[in-house]
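Contents: one structure, followed by commentary.
The values are calculated or read from the model by the stated rules, or taken from the named source; none is laboratory data. Values in this document were obtained by computation on a predicted structure and should not be read as measured data. Please note: Cβ atoms are built from the backbone with ideal geometry, for glycine as well, and neighbour counts cover all protein chains shown.
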Amino acid sequence: MIESKAAFIKYLVGMTFCVLVLIVSCKKDKDVVEGCADSDAINYNPESTTGYTNCMYNSIGSFWYTKSTVDTMLIRDSITRLDFIIDGDSVNSVIQGGSGFNFSSDYYFNTTPSCVYASMSFSKVITAETQSFTYLIRDQNGNTVFSGTGGLGKVNCNLVKLEY
């Protein structure tokens, strides 16, 4: 009986040692930290373990036109105001003037402007480094004047030339 008790204790010590070795040697998975590892993103998290899959960017789009476009719209067609719809949502509140963009014959560009000077601008949160958008622009009477698609990017301002 003493031998069987001693054998049992040896067995128990051996099993305990094996279990401890297994516990210590098992790799532990890193905790998942949500967010985006891209420092350009508005949800940037330097400790993110999910990489670039959940990134969101605040992108700026802007419309511009030449003197011939504004003259034709003002003089020939008496268009004095534009209302903007981007991806189905009205963005008048972020366009200069609050309730639409009011034309001036003095306000046009001969060459592509920088976003700093373009006043018909909007911002949109995008979930990829580049993303397209659709636009519909109506005059003060509700008539469609411009429509189409444009592109937005994660960092740069994105310009669309309106030609009438």
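Summary table below
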| item | result |
| --- | --- |
| Subset of segment 129-164 (residues that are in contact (Cβ under 8 Å) with a residue 60 or more places away in the chain, small (Gly, Ala, Ser) and over 16 Å from LEU82 (Cβ atoms)) | GLY153 |
| Selection from segment 31-69 of residues that are of a type in the set (A, V, I, L, M, F, W, C) and in contact (Cβ under 8 Å) with a residue 24 or more places away in the chain | ALA41, ILE42, CYS55, MET56, ILE60, PHE63, TRP64 |
| Residue within segment 69-80 that is in contact with a strand residue (DSSP E or B) (Cβ under 9 Å, 6 or more places away or on another chain), within 29 Å of GLU129 (Cα to Cα) and modelled with pLDDT of 80 or more present | no |
| Which numbered condition SER62 fails, given (1) crowded, with 18+ Cβ neighbours inside 10 Å; (2) modelled with pLDDT of 90 or more | (2) |
| Count of residues meeting criterion [exposed (fewer than 13 other Cβ atoms within 10 Å of the Cβ), modelled with pLDDT under 85 and not in a loop (DSSP other than H, G, I, E, B)] in segment 124-164 | 0 |
| Test for VAL116: is it of a type in the set (A, V, I, L, M), modelled with pLDDT of 75 or more and either surrounded by fewer than 16 Cβ atoms within 10 Å (Cβ to Cβ) or within 20 Å of MET56 (Cβ to Cβ) (or both) | no |
| Odd one out for ASP87, checked against (1) modelled with pLDDT under 80; (2) within 30 Å of ILE42 (Cα to Cα) | (1) |
| Residue check for THR72: outside any strand (DSSP E or B) and in contact (Cβ under 8 Å) with a residue 40 or more places away in the chain | yes |
